[in-house]
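Inspection log for the structure reproduced underneath, given as structure tokens.
The values are calculated or read from the model by the stated rules, or taken from the named source; none is laboratory data. None of these values were measured; they are calculated from a predicted model. Cβ placement follows ideal geometry from the backbone for every residue including glycine, while neighbour counts extend to all protein chains displayed. We work out accessible area using only protein heavy atoms, side chains counted, and drop any ligands, DNA or RNA first. Shrake-Rupley method; radii C 1.70, N 1.55, O 1.52, S 1.80 Å.
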Amino acid sequence: MIQSMYTDKEKTAYVAGNMNFTQGDMIISADTGSFNWSTKNAVFNGNVIVNGEPKNGEVIYNVREKVFVN
């Protein structure tokens with residue numbers, strides 16, 4: 001089950017449960033993630049897969065610039 005929450009103070013949306021993100025040809029899936037409306041950074045955690053390739057640890061992607069931050 002997917003759960004989501006938004007906090008106005010942090011300007012951040014949180015998602016838990018088999019989340020998927022798609023932007024153009026970029027496909028990212030993870031167990032949990034968040035999106036900060038101010039920085040435009042999407043943070044992915046837990047079983048992160050980027051375009052079919054598993055990643056270790058946290059992955060941060062800036063959706064405005066379309067680049068990985070880490």
*Roughly how big is the stretch 27-70's charge dipole about its Cα centre, with Cβ charges of +1 (Lys, Arg) and -1 (Asp, Glu), in debye to the nearest 20?*
180 debye
_What lysines does K40 reach when the alpha-carbon gap must be under 20 Å and sequence neighbours fewer than 8 apart in one chain are set aside?_
K9, K11, K66
*Any idea of the accessible area per residue across the chain, 1.4 Å probe, to the nearest Å²?*
68 Å²
*asked:* Quick check: at a probe of 1.4 Å, how many percent of the accessible area of the chain sits on carbon and sulfur atoms?
replied: 53 percent
*Could I have the simple spin-label model distance between D31 and E65, label points 7 Å from Cα toward Cβ, reported in nm to one decimal?*
2.9 nm
